[in-house]
Amino acid sequence: MISISSNLTNRELDFVELKDALERHWFALGGNWDYNQGSFDRRLDGEKQTVWLRVPFEVVHGELDPDAPQPGTRVVVGTPYVLKHLYNAGDDHTARFYVLGALVNQFQAPVDPDAAVEDAYVTEAKDVLREIESALV
């Protein structure tokens, strides 16, 4: 994981304004959100989907409901970072069958959840963040 300096860090913004700006730059709300915090993610390596630019945030006023954003919901943006997850290709031969577990955990764990990130992806992430910073002036 590589943190990236940004003037978005520690900025308080309207959630809808942030969401709209990030979605215009190919970000999506990450699946790990809850009503108090979350992150927007953008893949940087195309179809491989192993390198991500993540923009975390914390709700400081209101509640997060991405399907029906509440007017006035305010968030504080955390420090953006690039991360790389390496996965096994093919079947996971160490997997065990769990009937109930399969309902909530359908994906294999990364081989390396914090793999080294190539410089080209860090440069691309910085460029993307500069575009977003300009859009949110």
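Label reach from R74 (point 7 Å along Cα→C-beta): in segment 1-19, amide nitrogens under 18 Å belong to 8-19. At 37 °C and 0.692 mPa s, grab the translational diffusion coefficient of segment 1-64 from Stokes-Einstein with a Kirkwood Rh over Cα pairs, rounded to a whole number in µm² per second. D = 260 µm²/s. When you filter the chymotrypsin sites (Phe, Trp or Tyr not before Pro) in segment 1-56 for DSSP loop state and at most 14 other Cβ atoms inside 10 Å of their Cβ, you are left with W26, Y35. Here the spin labels are modelled as points 7 Å beyond Cα on the Cα-Cβ line, and at D45 and A28 they lie 1.8 nm apart. Using 0.36 nm per residue, how much length does the chain from E63 to Q37 gain when fully extended, once their Cα-Cα distance is taken away? Between E63 and Q37, full extension yields 8.4 nm more.
Throughout, read-outs are computed from the coordinates displayed, never taken from laboratory work. Treat the numbers as computed from the prediction; the structure is a model and nothing was measured. FYI the Cβ positions are ideal-geometry reconstructions off the backbone, even for glycines, and counts take in every protein chain you see.
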